1. So, counting K/R as plus one and D/E as minus one, what does the shell of residues with Cβ under 10 Å around THR42 add up to?
2. Express in Å², to the nearest 10, the accessible area of GLU517 obtained by rolling a 1.4 Å probe over the protein heavy atoms while all chains stay in place.
3. Give the distance, in whole Å, between the Cα centre of segment 549-611 and the Cα centre of segment 390-455.
4. Can you tell me the orientation of helix 257-270 relative to the chain, as the angle in degrees between its alpha-carbon axis and the longest Cα principal axis, to the nearest 10?
5. How much of the accessible area of segment 109-154, probe 1.4 Å, is carbon plus sulfur, in whole percent?
6. Could you report the accessible area of MET642 in Å², rounded to 10, computed with a 1.4 Å probe on the protein chains as they sit in the structure?
7. On C-alpha positions alone, give me the angle between the axis of helix 216-227 and the longest principal axis of the chain, in degrees, nearest 10.
8. Given an 8 Å cut-off on Cα distances and at least 6 residues of separation, report the relative contact order of segment 602-726 as a percent.
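The values are calculated or read from the model by the stated rules, or taken from the named source; none is laboratory data. Every value quoted in this text rests on a predicted model; they were computed, and no experiment measured them. Cβ: placed from backbone, ideal geometry, glycine included. Neighbour counts: every protein chain shown. For the accessible areas, the whole protein counts, side chains as well, though only heavy atoms, and no ligand, DNA or RNA atoms are used. Shrake-Rupley method; radii C 1.70, N 1.55, O 1.52, S 1.80 Å.
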Amino acid sequence: MALTRRHFLKTMGVATGVGLAGDHLFSPAFADGKGPDQAAMTIPTYCEICFWKCGAMARVVDGHVVKLEGNPLHPNSRGKLCARGNAGMGLLYDPDRLKSPMISTGARGEGKFKKASWDEAFNYTAEKMLKIKKTYGPEAMALFAHGCAGSICQHMISAYGSPNIVMPSFAQCRGPRDVGYEVTFGMGPSSPERVDLVNSKVVVLFGSHLGENMHNSQVQDFAESVARGAKYIVVDPRFSIAAGKAEHWLPVRPGSDTALILAWINLIIQNGWHDKAYLDRYATGLPELTASVKQYTPEWAEKETDIPAATIVETARLMGLYKPAVCIHPGRHASWYGNDVQRARAMAILTAVLGSWGREGGLFLPTKASLPKIEGKPYPAMRDSVSQMSKYPFAGAEGLTNEVRQATITGKPYPIKGWIVTGTNLMKTLPNQKETLEAIKKLDLLVAVDVMPFDTVMLADVILPECSYLERFDDLAVGRGRSLGVSIRKAAVKPLYDTKDGYSIASGLAQRLGVGEYFPVPTLEEKIQQTCKHWNLSYDELSTKGFIGIPNTASPYITPENQPHFETPSGKIELVSSELKRKGFDPVPRYAPQPQPPAGMFRLLYGRSPVHTFSRTTNNPWLYELHKENEVWLNAKKAKEMNVKHGQYVVLVNQDGAKSNRVKAKVTNRIREDAVYIVHGFGTTSKELHKAYLKGADDQGLITQYAIDPICGSTGMRTNFVKIEKEA
Ligand SMILES: Nc1nc2c(c(=O)[nH]1)N[C@H]1C(S)=C(S)[C@@H](COP(=O)(O)OP(=O)(O)OC[C@H]3O[C@@H](n4cnc5c(=O)[nH]c(N)nc54)[C@H](O)[C@@H]3O)O[C@H]1N2
Ligand SMILES: Nc1nc2c(c(=O)[nH]1)N[C@H]1C(S)=C(S)[C@@H](COP(=O)(O)OP(=O)(O)OC[C@H]3O[C@@H](n4cnc5c(=O)[nH]c(N)nc54)[C@H](O)[C@@H]3O)O[C@H]1N2
Ligand code: SF4
Ligand SMILES: [Mo]
């Protein structure tokens, strides 16, 4: 039997996490000659290095976190953490962390700050916020948030009276996907996505570079499904890790996925490979769909996608053969080209015609269990948000970051004068950095709540340093996978510096804004205890186990007793969307080709490193060791023509003259000739980040053009072309 890492560790007697040699480095206790088990504790948390919220256990010795392990009870980690989760202590002990509140002493962005007390920083912030409220109304303050801390800040800003809460997780991420699925099935595919990979016979990935996109349990499922023999069809201009496990790699022309999907739908219907009984029972619009996709033949699609017609037919047949155990992965980062809702719609329709929604091996149904609601003091009446007033009828509850940025620049539909930015690095996250800077220039107040001095933090007027997730409590995390579950995050250690948890920051501001009554409970720990009571959960049990699951009483699949519920206007799966039609959009997706790169230029594509999360981990001492800078993937034939050698530093220059940092060329056959690829998040311009500063190229700096989806307002960001220049 092959020796797995787990078996290997077990054999070495270290699988329980006690006394791993490398951990000594992090615990002065060992230097004092104390044994590893002295004052040792295990504290439950959930990881905050990305948003998968894996349950974890922090092993603490004499006040030092020496090891993080996956919580075996937790469905998102199942006893394992990914490399990033393992490196959580790298964030805790990063010497470059924000260590105390700071107030800017120079011009905005000059990088001059003085240390301040919390009282000073809170008073400074509250005074300016009250002035903005008085002059322009509370809606002139906007909150940009991502992650846990954001949710507590949301409560504070709502109490203050502003509706303008926005997150990049909508317009720069999965917004178009969610909208495409919602208008089809009446609900989105959720996070974690309800993909039944372990039972799939065929899995289709559009982008979705699983294995590089390292969402823990999903990647575990991916590995298991590959081991079980699932056939993967990977549609990606780049030979991704997932493509390496696939039966079919379809190196699609970037931006042409919808052509391929429509041709597949056409073939499946024309050949009777669809699930007729399922569609008869649950769907509307098959005749109209059939008629409108008829034009999309495999020969036509070959011309658009560069995928041979025969391959299109063969892969369609494969899906038809194994339906409904076919998982069309809905994807996650979906803001690609600005016509992304319609691509997601096409994926949803393909799922429907194969009968895979609610079926084993497809997408499983949501859990029916729920927790009692918690009623709080109602928020004051508010104006409509900038996102609601935008011209995009399907902007979601997470709002449109880009529309708030635009409103800040133009003052329309009303002025935005203050931003609180927490858990998001807008300079790296939003396309067109010039616009972000222009908006920031117009503000009366920019507050950063963060753990590290990243790019956007360095532009702030006041910095409110949050303690890292290992030093704080956070709200209970409620997760929905196959069943409902509640996770707790307790502070593993006391804050190392003069930092506060998100709850204390939000409540400290709320007191000074005159809305302190919205934070009636003094600490988050007490609030969590109250919530546990309300939900009839034992706080002590949660504190020991870290996670309590609430089993789903209904089947994850459609059965005679467990019928699906579609919250669309017709109550059915809408192959032809009545909502899109009513709002003036194509009710069945139509294909429109993307502009192609001019001669001598390549389309700029981007994605994930398995050992980093966007920009936020680039300075993490452990992860930095694993991946210090990104590389630009360049097709070997093109590299030869340009005489660019593997490993040589080059510079990327886009169609508008924007230039990247120097970046190493990765010369490879694993990418099409018309595109280059870099990992997102590198190339920080913050000098306070002593490891990551100017390491690698910043994709966002090259994304000066973006295409807004007319349906939901998300920003397609794969719309830029670059040329490769040799270093001067
Ligand atoms: N390690 C790690 N994992 C993460 C994250 C992280 O930061 N680090 N972030 C998480 C988050 S929030 C998200 S949203 C997800 C994002 O991860 P995904 O949802 O997987 O992102 P995609 O954009 O679908 O995938 C990127 C892939 O799309 C390919 N691609 C580029 N253009 C096209 C095209 O036109 N058509 C097709 N078919 N493919 C194309 C690229 O070559 C690349 O392989 O990752 C999550 N997982
Ligand atoms: N060009 C390009 N743009 C993209 C993407 C891309 O692939 N390419 N991906 C898009 C996607 S899918 C997403 S989801 C977004 C992600 O966008 P962001 O979430 O903005 O990503 P990060 O760059 O990691 O910025 C995170 C910020 O949060 C801070 N932070 C980390 N932990 C904490 C904490 O505990 N508390 C507080 N208060 N702050 C903390 C970090 O220090 C950092 O400043 O970006 C989107 N934008
Ligand atoms: S997938 Fe990795 S980084 Fe994300 S929450 Fe889980 S362990 Fe943490
Ligand atoms: Mo995302």
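1. Within the 10 Å Cβ shell, the charges total +1.
2. Number for this one is 100 Å².
3. 27 Å
4. That helix lies at roughly 40 degrees to the long axis.
5. Carbon plus sulfur share of accessible area: 49 percent.
6. MET642 exposes around 60 Å² with every protein chain in place.
7. Approximately 30 degrees, to the nearest 10.
8. Answer for segment 602-726 is 34 percent.
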